[in-house]
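In what follows, a structure is listed as structure tokens, so that the remarks can point back to it.
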Number of protein chains: 2
Amino acid sequence: MVTVHDVARAAGVSISTVSRALTAPEKVATATRERVTAAADALGYLPNRAASGLRAGRTRTVGLLVPDLSNPYFAAVAKGVAQRARGHGLGVFVVDSEEDPALEAELLRSAVHQTDGVVLCSPRAVLEDRDVLGTKPVVVVNHRTARTLSVGSDGAGGVQLAVEHLHALGHRRIAYVGGPARSWSDGQRRAGLTAVGARLEGLELVPLGPFRPDVDGGHEAAGVVVASGATAVITFNDLVAVGLVRRAAALGVQVPQDLSVVSFDDTFVATLTTPPLTSVHTDLRELGERATDLLVQALGPAPAEPTGAPGQPEADPADPADPVLVPAELVVRGSTAPAPTPSVPRAAASASRRDDA
Amino acid sequence: MVTVHDVARAAGVSISTVSRALTAPEKVATATRERVTAAADALGYLPNRAASGLRAGRTRTVGLLVPDLSNPYFAAVAKGVAQRARGHGLGVFVVDSEEDPALEAELLRSAVHQTDGVVLCSPRAVLEDRDVLGTKPVVVVNHRTARTLSVGSDGAGGVQLAVEHLHALGHRRIAYVGGPARSWSDGQRRAGLTAVGARLEGLELVPLGPFRPDVDGGHEAAGVVVASGATAVITFNDLVAVGLVRRAAALGVQVPQDLSVVSFDDTFVATLTTPPLTSVHTDLRELGERATDLLVQALGPAPAEPTGAPGQPEADPADPADPVLVPAELVVRGSTAPAPTPSVPRAAASASRRDDA
DNA sequence: GGCACATGTGCAAACGTTCGCAGCGACTGT
DNA sequence: ACAGTCGCTGCGAACGTTTGCACATGTGCC
């Protein structure tokens, strides 16, 4: 193993100079620096992370805690984190909590302990562990907490895009198939729903659920949606849409002729179904990237703060508890179509109401 | 931050004893050990990974290098690795090479340097870096090299299952839509193809390709497959099958009435299509787990070998260069059906030939 | 020409842990 | 009863790096 000593000997300087030449190049004369760097990569020197972490107090490693690494959603976020971390010269320590809240709490604690900060994805446990959260910066994805920074996708905005799209196609009665009750994302979307409901007149919005966020949940939702009399439906994610479309077909309801469907997430599943799904797209890689950027910013210039508030972004006037939102965009595919003609009278009624406004 | 010193003080022993009580419990008297462990988790002590890694020479961390973390295939393998590593008390340092061979080589080098060993998934680069490979154990997934341990899915066995299934349905002319030319997996499958071709008589096997291992590759393959006159086709993976089924339908060839399709991998994509795909399933989580087990075994009891062969599993008579194979199983769904009747004469012909044998 | 000052470099002390070595008591065999 | 042994524990030195401090040299100013 080649160490600073070897490089120092080769370059004819002391180990301090080597260390400085590589970590704080401006503190060293240009000629010396070049000699050092030349020697370093001639010998193939790579600094020992353990040693530097030990002395400097920061490990140049971030933790990434997800409920399920094999879930394409988290996998995409993880990729964003990994990519950005590498850009910042940070390593990624990845942990899978297996959807278990108790395990998650334990792993969070250990992850925080051996990294400089953690990106916590869609936490399943309520995080109240003050001593864990106080010590190092933690960025939470798809969740809001008073004590940490957070990022999330703009579910409210996404819902509004979806509703506007359906409205433009003439739909006036639109159902929403909700996800897990305690989910922040679901809350965001329901909030967006009421917001757009207040804005666009003559619209009847039918929030349903909670349903499980998978194909089976879609199966269960299908009956309720059909019974609701809605001509269009927005689903919590792609998988729910898949289940819903399939079961609806079994009930004799064709998509998109009889029922328009807009899903959330726009994973590649959306492109595989027949018809392909119109979906609210969020760039999950970007979600991971933004989370990492936020974390890096919180790590900031402070080399090692033993305690106290994690480095506040001083020029940012926004409440740090408000999640940074990654914008949503609507990708229109084959699962949405103009509202079926039988609903024309209803559309006419609502149009007249709109004239009143 | 709570250190061994704090625990030692609380337990009334020296720091050496604390260290031993936690890392080599058998070297310490039972009473003392209990006092130490009690003090340790009363104070919430967690050993500092950097310090222990520095002194002990092993980091208790494994590296995981994948071409694309957001690819569900690798995500599943990654989950297996993460799970098993946790079981062994190891951390996972994850790196995404973004499908770039040059980047992969560089990242491999750095990953090897700061972990105890690396699981390298489906390498895109030829790994010839002797000094990298010599120093720490590396387990390669889906690849065979002379210098490292490896695991892979039993593609040859999988092909044979697929062919037998199709043969039993009366198919006699079966195409194979191959993946990337240099791919180990593709090689395995072609080998399985010739093996089963030699075993079952009256069978015409039509290897095609290489094709890109995605939906577009399937699109391109469709025409060739239809032109080949095969009544059944085996595809390199699910996505290829999706593309193939879709384009075949456009050409007026219905699956499974006119053409039976068996895909590889059995990701959840296989369940989402219409018809759902008959697919050769490999437990990817298990692939990751086996890789990790192999790595742990190579890490073995040896605390820190500076150089030389990575600890050989002494009781294992098999050539360590032979990949450990994870078995494949066939999951039968809707994309396979009895061979269309026009091929009956051919089936009869081959049946008569079989009588000869 | 001497003084303050900036700039570049080296020395040595940490960081928290592990582990070789030695000491110390208790137990065993003769 | 005494030497030898063994089980348990503490001392202190590493591991490779960073960084405060001191020192040497060169530069500008009055």
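Roughly speaking, what % of Cα-Cα pairs in chain A are separated by over 40 Å, rounded to a whole number?
Beyond 40 Å sits 30 percent of the P(r) for chain A.
Taking springs between alpha-carbon atoms closer than 10 angstrom, which of B:VAL261, B:VAL94, B:VAL36 fluctuates most in the Gaussian network model of chain B?
B:VAL36
Stokes-Einstein diffusion coefficient for segment B:207-248 at 10 °C in a medium of 1.306 mPa s, Rh from the Kirkwood formula over Cα pairs: what value in µm²/s?
Reported coefficient: 164 µm²/s.
Between copies, how close do the B:PRO207 label points come, placed 7 Å along Cα→Cβ, listed in nm from shortest?
Distances to the matching label points in the other copies: 5.9 nm.
Calculated from DSSP H runs of 4 or more alone, at -39500 (n - 2.57) each and per residue, what is the 222 nm mean residue ellipticity of chain A, nearest 500?
-14000 deg cm²/dmol
Would you mind giving the three semi-axes, in whole Å and largest first, of the ellipsoid equivalent to the protein assembly as shown according to its Cα gyration tensor?
48, 39, 22
Hey, got the average number of other protein chain Cβ atoms within 10 angstrom for residues in A:239-248?
Across A:239-248, the average partner-chain Cβ count within 10 Å equals 1.
Residue by residue through B:260-269, how many Cβ atoms from other chains fall within 10 Å of the Cβ on average?
The shielding value for this peptide is 1.
Which listed residue (A:GLY217, A:ALA111, A:VAL151) has the Cα farthest towards the positive end of the charge dipole for segment A:101-236, taking +1 on Lys and Arg C-beta and -1 on Asp and Glu C-beta about the Cα centre?
A:VAL151
What is the antiparallel percent of DSSP beta bridges lying wholly in the protein assembly as shown, to the nearest 5?
10
Total Å² of accessible surface buried at the B-A contact, 1.4 Å probe, nearest 100?
Answer for the B-A pair: about 3700 Å² buried.
Which FRET efficiency value, to the nearest 0.05, is calculated for B:ALA42 and A:ALA38 with the Förster distance at 41 angstrom and r the Cβ-Cβ distance?
0.20
For segment A:232-294, what is the accessible area per residue in Å², given a 1.4 Å probe and the full set of protein chains?
Solvent-accessible surface per residue comes out at 29 Å².
What's the longest piece of chain B with no exposed trypsin sites (Lys or Arg not before Pro), counting a site as exposed if DSSP puts it in a loop and it has at most 14 other beta carbons within 10 Å?
Result, exposed sites excluded: B:183-357.
Go through segment B:86-125 and flag every residue whose accessible area shrinks by 30 Å² or more with all protein chains in place compared to the isolated chain (probe 1.4 Å).
Going by heavy-atom accessible area, the residues of segment B:86-125 that drop by at least 30 Å² are B:ARG86, B:VAL92, B:PHE93, B:VAL94, B:ASP96, B:GLU98, B:ARG109, B:HIS113, B:GLN114.
In nm, what does the list of distances from B:ALA51 to its counterparts in the other copies look like, shortest first, when each label sits 7 Å along Cα to Cβ?
Here the equivalent label points are 1.8 nm apart from this one.
Find the accessible area per residue for segment A:4-47; the probe is 1.4 Å, ligands and nucleic acids are left out, and the unit is Å².
For segment A:4-47, the solvent-accessible area averages 59 Å² per residue.
For segment A:4-47, what value does the Rg/Rh ratio take when both radii are computed over Cα atoms and Rh is the Kirkwood radius, given to two decimals?
The Rg/Rh ratio comes out at 0.90.
Share of chain A's accessible area from carbon and sulfur, percent, 1.4 Å?
Carbon and sulfur: 55 percent of the exposed surface of chain A.
Measuring label to label, 7 Å along Cα→Cβ, what does A:ASP6 give against each other copy in nm, shortest first?
Listed shortest first, these distances are 3.7 nm.
Roughly what % antiparallel, to the nearest 5, for the DSSP beta bridges in chain B?
About 10 percent, rounded to the nearest 5.
The values are calculated or read from the model by the stated rules, or taken from the named source; none is laboratory data. Just so you know, these numbers come straight off a predicted model, no measurement behind them. Neighbour counts are summed over all protein chains in view; Cβ atoms, including those assigned to glycine, are modelled from backbone coordinates with ideal geometry. Side chains included, ligands, DNA and RNA excluded: accessible areas come from the protein's heavy atoms. Shrake-Rupley method; radii C 1.70, N 1.55, O 1.52, S 1.80 Å.
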